[in-house]
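Colleague: First the structure, which I've put down as structure tokens, then a few questions once you've had a look.
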Amino acid sequence: MFDAIKKFISPSANPDIEKAFAYQNTYLPTLWLLGKTGAGKSSLIQTITGDSDVEVGNGFEPCTMTSHAYSYPKATPLLRFLDTRGLSEANYDPTEDIDVSAQQGHALLIIAKAEEPEQRDVINALKKIKKQGSIKQILIVHTAVKQLSVDEQIKTVQYNQQQLEKTWGNEIPYVEVDFELANGDTFGISTLKDQLTELLPIIQQFNNEQQHAGTESANFQKLKTEVLWYAGSAGAADAIPAVGLVAVPSIQAKMLHSLANQYGITWDKRAFGEFISTLGSGFALQYASKLGIRQLVKLIPAYGQTVGSASAAVISFASTYAIGRAACKYMYHKSKGETVSNKDMQDIYKDALANIKEVAKSETR
Ligand SMILES: Nc1nc2c(ncn2[C@@H]2O[C@H](COP(=O)(O)OP(=O)(O)O)[C@@H](O)[C@H]2O)c(=O)[nH]1
Ligand SMILES: [Mg+2]
């Protein structure tokens with residue numbers, strides 16, 4: 001336990017952390033966007049992430065022979081968009097794109113502009129994807145629906161929906177959106193976000209327009225994706241045999257350092273001790289016993305690899321997130337020379353745990 005505390009205060013280089021970061025990056029939840037050029041793929045990414053500089057090619061990196069990947073957020077990625085550029089090639093082979101997409105949480109989004117009935121390339125790709133068989137979650141996004149009269153909208157959307165379903169051999173859920181109404185507004189975006197959240201719960205965490213209760217909360221929102229990224233790394237560490245036990249405390253330590261740095265407060269033994277004590281006298285000990293439990297689970301052969309490591313990953317993800325959330329509150333007030341009551345700290349920790357449970361489960365499958 002002494003060692004664990006020392007690690008919290010001054011994280012040292014730990015090769016296991018790098019393994020966890022690499023694993024997390026390989027298995028990022030992926031939204032695979034299939035659609036013709038001009039269908040609205042970049043507009044969708046822009047809308048979901050709030051990244052206004054997603055232009056054609058901008059921010060994308062070559063991923064497979066036929067696709068580009070856009071990871072969001074850039075520095076601490078939580079989600080990957082895969083944009084297939086080879087779609088119009090005569091012999092487009094989706095195998096590689098399927099492999100990249102199907103690694104962890106994933107969904108295939110078919111983007112079809114309502115006014116565009118010519119969907120041959122999309123249909124050919126979809127046939128091959130169906131035949132390959134590993135993509136399970138799929139959603140059709142009909143775009144630019146409000147650029148047409150109501151009658152035309154119904155007809156064109158129905159036409160595209162039917163030709164895609166006929167190819168897939170089954171009903172496919174769909175949403176109708178318009179990313180750019182004439183008055184500068186949008187249509188259908190909250191429905192789109194709800195549907196996407198059902199496919200990949202992490203998406204709900206990117207709520208750009210959320211109203212904030214106060215400055216502290218607004219400050220946390222700016223750091224939230226970073227905290228989630230560390231939580232994801234902690235969960236990933238637990239998914240690699242024999243890495244989690246050592247790496248998780250180091251990842252949490254690195255997170256606390258980074259947060260303290262951004263709040264402009266000194267992070268030393270005293271600050272760390274003060275922060276931990278606000279979470280209750282049982283917290284540090286509870287942490288130690290959690291480690292003990294993990295160790296125990298991992299020592300059970302065969303069983304530990306599957307059931308055991310899955311639940312340890314959820315615990316690591318959720319507790320890292322909750323520690324990060326609570327630390328942000330502590331650090332915000334510390335930076336202003338204020339103190340927070342232990343009750344408020346414990347409440348925010350517990351709320352954060354409860355709020356992130358579902359995401360933790362889906363992210364650590
Ligand atoms: N009005 C309107 N324009 C759209 C919509 N979706 C895309 N566009 C426009 O169509 C063009 C191509 O969109 P883009 O997102 O770059 O398509 P991509 O090639 O699939 O990435 C751009 O000029 C967009 O502004 C939509 O829902 N409504
Ligand atoms: Mg584009």
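Colleague: Give the residue, chosen from 218, 247, that is surrounded by fewer than 18 Cβ atoms within 10 Å (Cβ to Cβ), more than 18 Å from residue 356 (Cβ to Cβ) and of a type in the set (A, V, I, L, M).
Modeller: So the residue among 218, 247 that is surrounded by fewer than 18 Cβ atoms within 10 Å (Cβ to Cβ), more than 18 Å from residue 356 (Cβ to Cβ) and of a type in the set (A, V, I, L, M) is 218.
Colleague: Of the conditions (1) modelled with pLDDT under 85; (2) closer than 17 Å to residue 333 by Cα, residue 266 fails just one. Which one is it?
Modeller: So residue 266 meets the others, but not (1).
Colleague: Which condition does residue 197 not pass, out of (1) within 14 Å of residue 321 (Cα to Cα); (2) surrounded by 16 or more Cβ atoms within 10 Å (Cβ to Cβ); (3) at pLDDT 90 or above, if it passes all the others?
Modeller: So the condition that residue 197 fails would be (1).
Colleague: Can we say residue 75 is touching a Cys at 6+ places or on another chain (Cβ under 7 Å) and more than 9 Å from ligand 2 (Cβ to nearest atom)?
Modeller: No.
Colleague: In the set 186, 191, which member is closer than 22 Å to residue 39 by Cβ, in contact (Cβ under 8 Å) with a residue 40 or more places away in the chain, of a type in the set (Val, Ile, Thr) and not assigned by TED's automatic domain parsing to the domain that holds residue 325?
Modeller: Step by step, each of 186, 191 is checked, and only 186 is closer than 22 Å to residue 39 by Cβ, in contact (Cβ under 8 Å) with a residue 40 or more places away in the chain, of a type in the set (Val, Ile, Thr) and not assigned by TED's automatic domain parsing to the domain that holds residue 325.
Colleague: Collect the residues in the stretch 162-185 that are buried (at least 16 other Cβ atoms within 10 Å of the Cβ) and touching a Phe, Trp or Tyr at 6+ places or on another chain (Cβ under 7 Å), keeping them in residue-number order.
Modeller: Residues satisfying the conditions are 177, 178.
Colleague: Looking only at residues that are free of Cβ contacts under 8 Å to residues at least 12 places away in the same chain and more than 22 Å from the chain's Cα centre (by Cα) in the stretch 342-365, which one is farthest from residue 318 (Cα to Cα)?
Modeller: That would be 343.
Colleague: While we're looking at this one, here's another question. Read through the list (1) assigned to a helix (DSSP H, G or I); (2) modelled with pLDDT of 90 or more; (3) under 15 Å from residue 329 (Cα atoms), then give the number of the only condition that residue 272 fails.
Modeller: So residue 272 meets the others, but not (2).
Colleague: Which one of 146, 131, 136 is under 31 Å from the mean Cα position of the chain (by Cα), farther than 16 Å from residue 32 by Cα and modelled with pLDDT under 95?
Modeller: 131
Colleague: Kindly indicate which of 217, 149 is of a type in the set (Gly, Ala, Ser), in the same structural domain as residue 36 (by TED's automatic domain parsing) and on the phi < 0 side of the Ramachandran plot.
Modeller: 149
Colleague: Kindly provide the set of residues from the stretch 105-123 that are assigned to a strand (DSSP E or B) and closer than 11 Å to residue 30 by Cβ, ordered by number.
Modeller: 106, 107, 108, 109
Colleague: Determine which member of the set 165, 216, 274, 226 is under 30 Å from residue 118 (Cβ atoms) and not polar (S, T, N, Q).
Modeller: 165
Colleague: Scan the stretch 129-154 residue by residue and report those that are among the charged types (D, E, K, R) and exposed (fewer than 14 other Cβ atoms within 10 Å of the Cβ).
Modeller: Passing the criteria: 131, 136, 151, 152.
Colleague: Same structure, new question: Out of curiosity, is residue 235 of a type in the set (Gly, Ala, Ser) and under 20 Å from the mean Cα position of the chain (by Cα)?
Modeller: Considered against the rule, which asks whether it is of a type in the set (Gly, Ala, Ser) and under 20 Å from the mean Cα position of the chain (by Cα), residue 235 comes out as yes.
Colleague: Would you please name the residue that is modelled with the lowest pLDDT, looking only at residues in the stretch 24-67 that are among the polar types (S, T, N, Q), within 9 Å of ligand 2 (Cβ to nearest atom) and buried (at least 17 other Cβ atoms within 10 Å of the Cβ)?
Modeller: Only one residue fits best here, namely 42.
The values are calculated or read from the model by the stated rules, or taken from the named source; none is laboratory data. Every value quoted in this text rests on a predicted model; they were computed, and no experiment measured them. Reconstructed Cβ throughout: ideal geometry from the backbone, glycine too, with neighbour counts over all protein chains shown.
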